[in-house]
Amino acid sequence: MTLDGLSVETKADERLIDLLLRTGSKVPHVCYHTQLGPIQTCDTCMVEVNGQLVRACATTVSGGMEVATKSPRADAAQREAFDRILGNHMLYCTVCDNNNGNCTVHNTTKMLAVEHQKIPFKTKPYEADFTNPFYRYDPDQCILCGRCVEACQNVEVNETLSICWENAHPRVLWDGGTTIGESSCVSCGHCVTVCPCNALMETSMIRHAGFLTALPKTAMDGMIDVIKGIEPDSGYGAILKVSEAESAMRESRIRRTKTVCTYCGVGCSFDVWTKDRHILKVEPSEGPTNGISTCIKGKFGWDFVNSPDRLTTPLIREGGKFRAASWEEALDLVARRFAEIKKRTGPDSLAFISSSKCTNEESYLMQKLARAVIGTNNMDNCSRYCQSPATQGLFRTVGYGGDSGSIRDIENAGLVIIIGSNTAESHPVLATRVKQAHKLRGQKLIVSDLRKHEMAERADLFVHPQPGTDLIWLSAVTRYLLENGLAKTGFLNQWVNGLEDYQRSLEPFTMEFAAQTCGLSVETLKQIAHMIAEADGVCILWAMGITQHSMGSDASTAISNLLLVTGNYMRTGTGAYPLRGHNNVQGASDHGAMPNFLTGYQSVDDPEVRSRFENGWKVKLPSTKGLDNHEMIDAIHEGKLKAMYLFGEEISLVDSNSNLVRDGLSKLEFFVAQDIFFSDTCQFADVVLPASPSLEKEGTFTSTERRIQRLYQVLEPMEGSRPDWQIIQDIANRLGANWRYGHPSEIYREIASLTPLFAGVSYERLEGYKSLQWPVAADGTDEPLLYTKQFAFSDGKARLFAISVSKPTDPTDAEFDLHLNNGRLLEHFHEGNLTYRVEGIREKVPDTFVEVSPETAEERGIQSGTWVQLISRYGQVRVRALVTDRVKGKELYMPMNSSESPVNRLTSSHTDRVTHTPAYKETSVRMSVLPENGESPLPRVNSRFGHPTPQRGVEVERKWKRPDYRIPGTELGRTGPKSR
Ligand code: SF4
Ligand code: SF4
Ligand code: SF4
Ligand code: FES
């Protein structure tokens with residue numbers, strides 16, 4: 001095509017705006033954002049194509065096009081469009097917190113060399129809205145570009161925002177016109193991130209980013225008046241120079257550092273803007289997983305880092321109390337006691353627990369300390385509490401214990417099945433991609449869960465099986481598919497072993513048996529089977545609703561069996577996706593924090609593996625599997641385990657049957673807990689060591705997609721605290737190890753040298769936003785989608801794995817008549833040690849609660865706010881009720897986030913039979929209603945009480961229909977641009 005008279009090579013399906021950006025053309029574009037696509041609200045990108053005015057963002061290039069970006073018509077249109085924008089936005093850049101070099105309005109004013117605006121700025125008849133703790137909206141500064149609406153409607157798909165185009169003074173609306181605080185807004189921050197100016201801004205930026213922005217309002221207003229006063233004479237050019245000087249000065253004190261989110265396993269990455277220790281904002285943009293996306297925790301959940309109750313000095317227990325100690329004294333004591341106990345009762349009387357919150361390098365060092373320095377395989381991490389059964393199911397059937405593909409592959413599925421996962425709250429950014437594909441691209445969705453959560457509400461088919469019966473219906477559906485000619489026979493013949501044995505094992509799983517056991521109709525089960533058979537690619541997503549059962553490994557296996565029988569592996573849009581909970585729960589297991597595996601799932605009982613590590617580490621290694629977390633607690637009670645070293649893990653609250661666990665911890669002869677706060681677990685310790693959170697250190701995390709990403713140090717470690725890897729190294733060296741790691745990159749070099757799965761991982765290959773998805777070959781080739789050539793077994797074939805009928809433990813009876821389910825909440829993470837220290841999050845969810853169905857509430861006279869006592873066979877808690885139809889009949893649900901009323905006082909010690917993952921989801925309780933009524937545990941400002949307003953996007957056509965709308969650059973009528 002021809003661009004301003006020059007010949008330019010086009011790319012297939014390229015947007016004209018992208019071509020203009022690629023070739024460096026100076027065409028304004030205010031509403032266009034590459035991750036949002038064309039919104040077409042600003043009209044600033046007008047160009048002439050073959051003599052006709054068009055919006056470049058809405059035009060696809062084609063060969064032979066003649067494009068003029070600087071013709072008088074195009075130029076006039078661009079200027080007129082931008083002039084309208086300035087009529088909606090007061091330029092006061094020098095005293096604006098958004099004056100950071102990236103303000104689109106400022107930069108476009110400069111690009112177009114606007115000296116005087118023709119359309120004067122007019123205020124709008126609305127107040128700024130400060131009712132959300134994390135961000136505010138200023139209608140006066142809003143240029144009505146609609147980016148925020150597009151992001152909320154079609155990226156986050158929370159569907160809160162719209163613009164009232166028909167109104168005399170259009171503005172952005174929350175839930176059609178309520179305050180932000182009382183709307184359905186989930187505070188994900190997408191809208192704030194994409195706002196091209198200061199109309200939406202993080203509260204943490206306001207009065208902090210600029211040199212002059214903290215001035216009293218009267219002084220600011222005075223300065224703005226002065227600027228407005230000189231503008232007619234001096235023009236904007238001179239004024240912008242002043243603001244640019246101020247903006248340049250900011251660079252000397254504002255740092256932007258890339259990190260990876262510390263919360264869930266989705267693996268969002270973003271820049272953190274800081275001024276000294278003040279976090280100005282989190283800015284997602286180019287993360288390989290999330291792009292512009294975050295959830296409330298990743299975007300706004302960082303106040304805990306500067307909490308005044310951070311641990312800043314080691315503590316030693318003395319006479320039943322803790323006293324402050326120096327690092328030297330504390331580390332010496334730890335090393336001395338570990339050595340004494342090892343000498344007296346042997347290495348296997350010590351145990352080590354790594355953290356899924358900490359880095360891969362730290363897990364590696366912890367297991368190296370356990371194995372190479374102490375000489376025990378008693379090493380585990382909290383994947384034991386959630387994900388081990390999923391890993392087991394995949395080990396049995398396809399070979400690798402990780403998600404089959406990337407989130408992109410889930411987006412490409414014709415049908416997504418979510419089982420036992422509240423994805424929108426537990427893995428919010430991953431859920432956005434499913435919501436998008438479902439809303440915009442016709443993807444089908446089946447949800448199986450006990451609760452009618454957001455994904456269930458959105459599903460094409462929502463099923464509610466009896467608790468603990470997923471294995472049954474999954475196997476029955478698989479049998480039906482096999483027996484009715486709906487299996488993928490060609491795929492099975494070519495790629496799968498064990499069909500005959502497996503088919504025999506399916507004998508008990510008839511449709512009738514499943515219908516009766518699961519409480520689902522045969523028709524529903526057949527409907528599921530046919531939806532699977534007809535779909536162009538099926539991805540199954542599951543989480544703790546499957547794994548935290550006594551048959552968690554078998555149910556995970558059943559999922560993978562179903563996928564194999566229907567040929568749903570080996571290509572995009574297919575596969576098994578166990579959604580990893582913590583930010584680095586995948587990485588902790590990958591990097592050897594397990595009782596039976598060294599790094600990369602290399603077995604401790606394999607002599608070849610051991611000898612490689614023995615040569616590398618220059619020690620003799622133990623060869624028998626060590627104790628897992630669950631067995632460690634039993635071993636303490638049996639008097640076999642004497643000492644434990646744990647970091648970044650709240651075991652006393654998050655392990656099941658917490659009364660038994662706490663009792664066990666208090667029996668330890670010597671217990672070292674390392675954390676950033678004095679956690680509940682710390683109270684059982686003999687030595688407490690103050691660690692640093694992710695923002696204060698370097699390293700790598702591995703997300704649910706098997707994606708390894710680097711985090712860079714955003715802040716110096718808070719004075720008195722130290723990064724975990726340094727503490728572990730100090731202890732190892734006091735025990736004679738002589739480790740000399742100066743930086744986590746050196747640790748990773750060692751990991752890569754010993755681990756075929758990570759052979760090609762290096763810090764250089766992970767620079768900035770680069771990432772690798774394991775397995776990574778020595779030349780750096782990674783595998784975003786697994787099994788494209790073969791399965792991970794020696795013959796390259798997958799294996800169907802026979803399973804049998806299994807019943808859940810801890811059933812309801814006349815005394816314990818209610819089933820108690822438990823899990824995550826959007827706002828808090830896990831037990832809440834981090835998120836309860838974020839004031840805005842506490843405002844949204846101050847405390848835990850138990851969800852009670854309307855039926856049970858009516859039967860027992862319960863209202864939201866009524867205090868109840870829940871009593872299980874193992875313990876009891878007092879908690880407020882929340883009446884909601886998310887739960888049904890005699891089923892209750894408690895979020896896991898509370899240290900005062902932890903749900904694990906109620907859970908049992910039953911476990912998955914294969915992996916010892918606690919059967920958290922198999923708990924029966926009775927409920928006594930207490931004679932106290934409080935306020936509803938969820939305040940009105942929680943997003944659950946809002947009323948979203950779904951629409952297809954910003955609906956710009958409604959703007960074009962306004963009687964006062966005219967295509968810029970045209971005198972009359974509205975026959976201007978055409979989308980091509
Ligand atoms: S949910 Fe709230 S924070 Fe997220 S994009 Fe919508 S309005 Fe913005
Ligand atoms: S608030 Fe929304 S519509 Fe207004 S300028 Fe920001 S992104 Fe555009
Ligand atoms: S979705 Fe998960 S990784 Fe992403 S911002 Fe939220 S908590 Fe962090
Ligand atoms: S960039 Fe706004 S209409 Fe094209």
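Observations on the structure shown:
- Region 719-748 and region 373-447 have their alpha-carbon centroids 33 Å apart.
- In the context of the full set of protein chains, region 533-610 has a per residue accessible area of 17 Å² (1.4 Å probe).
- Within the accessible area of region 769-897 (1.4 Å probe), percent carbon and sulfur: 49
- Region 506-571 - percent of accessible surface contributed by carbon and sulfur, probe 1.4 Å: 49
- Distance in nm between pseudo-label sites at Asn484 and Cys164 (7 Å out along the Cβ direction from Cα): 5.1
- What the pair-distance distribution of region 323-376 shows, using all Cα-Cα distances binned every 10 Å from zero, is 23, 42, 34, 2 percent.
- Proximal lysines to Lys770, defined as alpha-carbon separation beneath 17 angstrom and excluding residues fewer than eight positions away on the same chain: Lys258
- Applying the Karplus relation 6.51 cos²θ - 1.76 cosθ + 1.60 with θ = phi - 60° to region 896-908 yields 3J(HN,Hα) values of 7, 8, 6, 9, 7, 10, x, 4, 6, 5, 9, 6, 9 Hz, where x marks Gly and Pro.
- Partner aspartates and glutamates for Lys961 [C-alpha distance under 12 Å; skip if fewer than 8 residues away on the same chain]: Glu166
- Descending by average beta-carbon neighbour count within 10 Å, the peptides 703-710, 919-926, 946-953 line up as 703-710, 919-926, 946-953, the highest first.
- Under the Karplus curve 6.51 cos²θ - 1.76 cosθ + 1.60, θ = phi - 60°, whole-Hz ³J(HN,Hα) for region 465-478, x wherever Gly or Pro sits: x, 4, x, x, 10, 4, 3, 5, 5, 4, 6, 5, 4, 5
- Ranked by the mean number of other Cβ atoms within 10 Å of their residues, highest first, the peptides 581-590, 109-118, 171-180 come out as 581-590, 171-180, 109-118.
- Kirkwood radius and radius of gyration were both taken over the C-alpha atoms of region 357-426, and their ratio Rg/Rh is 1.08.
- For Pro902, neighbours were defined as the other residues whose beta-carbon sits under 9 Å from its Cβ, and their charges (Lys and Arg +1, Asp and Glu -1) total -2.
- Mean separation of Cα contacts under 8 Å, 6 or more apart, over the residue count of region 201-356: relative contact order %: 12
- Under the shape rule built on the C-alpha gyration tensor, where the axes satisfy a ≥ b ≥ c, region 73-222 is oblate, since a/c reaches at least 1.5 while a/b does not exceed b/c.
- A 1.4 Å probe run over region 60-108, with the rest of the protein chains in place, finds 33 Å² accessible per residue.
- Accessible area per residue for region 314-431, computed on protein heavy atoms with a 1.4 Å probe, is 25 Å².
- R0 of 25 Å, Cβ-Cβ distance Glu507-Lys807: FRET efficiency to nearest 0.05: 0.90
- Dipole magnitude of the chain, debye to nearest 20 (Cβ charges: Lys/Arg +1, Asp/Glu -1, about Cα centre): 960
- Rounded to the nearest 20 debye, dipole of region 848-943 from Cβ charges on Lys, Arg, Asp, Glu: 240
- FRET efficiency, Ser252 to Ile230 (Cβ-Cβ, R0 22 Å, nearest 0.05): 0.25
- Mean Cβ count within 10 Å, highest first, over the residues of peptides 741-749, 186-194: 186-194, 741-749
- Tail fraction, Cα-Cα pairs, region 704-804, threshold 22 Å, whole percent: 50
- Annotation for Glu900 and Arg277: the two label points, set 7 Å from Cα along the Cα-Cβ direction, are 2.7 nm apart.
- Note, ³J(HN,Hα) from phi for region 402-407, Karplus 6.51, -1.76, 1.60, rounded to Hz, x at Gly and Pro: x, 3, 5, x, 9, 4
- For the chain, the alpha carbon convex hull comes to 183 Å³ per residue, rounded to a whole number.
- Projected label points at Ser71 and Arg207, each 7 Å from Cα along the beta carbon direction, are separated by 5.2 nanometres.
- Overall form of region 749-790 per C-alpha gyration tensor (a/c, 1.5; a/b vs b/c): oblate
- Two-decimal Rg to Rh for region 259-388 - Kirkwood Rh, Cα set: 1.07
- For region 258-298, a simple Cβ point-charge model (Lys and Arg +1, Asp and Glu -1, everything else neutral) yields a dipole of about 140 debye relative to the Cα centre.
- Paramagnetic reach from Glu115 in region 211-240 [backbone N under 18 Å; point 7 Å along Cα→Cβ]: 228-240
- For Leu3, nonlocal amide neighbours, meaning residues 5 or more places apart or on other chains whose placed amide H falls under 5 Å from its own, are Val8, Val67.
The values are calculated or read from the model by the stated rules, or taken from the named source; none is laboratory data. Computed from a prediction, not measured in an experiment: that's the story for all the values here. Every residue, glycine as well, gets a Cβ built from its backbone with ideal geometry; the counts of neighbours run over all protein chains shown. These accessible areas exclude ligands, DNA and RNA; they are computed on the full protein's heavy atoms, side chains included. Shrake-Rupley method; radii C 1.70, N 1.55, O 1.52, S 1.80 Å.
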